[in-house]
Amino acid sequence: MTAGACGTTGTPTGAPSGKPVVGGTATFAEAPGSPPNYIFPLDALQYFNTTDINQFQNLMWRPLYFFGQGDNVVLNQQLSLAEPPVYSNGDRKVTIHLKAVHWSDGK
């Protein structure tokens with residue numbers, strides 16, 4: 001049996017919980033025998049593998065919508081970067097309003 005974990009600091013909305021640190025080390029666990037080989041998941045499949053997507057994509061680019069609260073597959077509005085979509089024009093138009101989010105340095 002293999003277990004892996006990684007940790008972050010901050011609240012679920014990404015706000016910092018402490019003082020910014022210059023430098024430092026980011027540490028994460030990876031599955032045996034499947035190290036990441038490409039950190040930019042927005043490219044053709046021949047350049048990366050599914051391990052790269054599973055380990056890096058959500059860490060580098062947060063999705064607009066997070067799903068899951070407890071054991072329910074529902075929209076998690078607290079973790080999502082956007083408000084729920086608004087459908088109009090006979091469900092042919094979708095409007096997405098982004099929440100006001102900031103980097104850890106406040107920008």
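The values are calculated or read from the model by the stated rules, or taken from the named source; none is laboratory data. A quick note: this is a predicted structure, and the numbers were derived from the prediction, not measured. Positions of Cβ are backbone-derived with ideal geometry, glycine not excepted, and every protein chain shown enters the neighbour counts. These accessible areas exclude ligands, DNA and RNA; they are computed on the full protein's heavy atoms, side chains included. Shrake-Rupley method; radii C 1.70, N 1.55, O 1.52, S 1.80 Å.
For (1) part of a helix (DSSP H, G or I); (2) open to solvent by 50 Å² or more (accessible area, probe 1.4 Å); (3) modelled with pLDDT under 90; (4) at positive phi, each residue gets a yes or a no:
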position: Asp52; (1), (2), (3), (4): yes, no, yes, no
position: Phe56; (1), (2), (3), (4): yes, no, yes, no
position: Leu59; (1), (2), (3), (4): yes, yes, yes, no
position: Phe67; (1), (2), (3), (4): no, yes, yes, no
position: Leu79; (1), (2), (3), (4): no, no, yes, no
position: Pro84; (1), (2), (3), (4): no, no, no, no
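Surrounded by fewer than 14 Cβ atoms within 10 Å (Cβ to Cβ), at pLDDT 70 or above and under 28 Å from Thr95 (Cα atoms): does that describe Leu42?
no
Conditions tested, residue by residue: (1) open to solvent by 60 Å² or more (accessible area, probe 1.4 Å); (2) at pLDDT below 65; (3) closer than 17 Å to Trp103 by Cβ; (4) among the hydroxyl-bearing types (Ser, Thr, Tyr).
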residue: Met1; (1), (2), (3), (4): yes, yes, no, no
residue: Gly7; (1), (2), (3), (4): yes, yes, no, no
residue: Thr11; (1), (2), (3), (4): yes, yes, yes, yes
residue: Gly14; (1), (2), (3), (4): no, yes, yes, no
residue: Ser17; (1), (2), (3), (4): yes, yes, yes, yes
residue: Thr27; (1), (2), (3), (4): yes, no, no, yes
residue: Pro35; (1), (2), (3), (4): yes, no, no, no
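Across the stretch 89-107, which residue is modelled with the highest pLDDT among those that are open to solvent by 100 Å² or more (accessible area, probe 1.4 Å) and in a strand (DSSP E or B)?
Lys93
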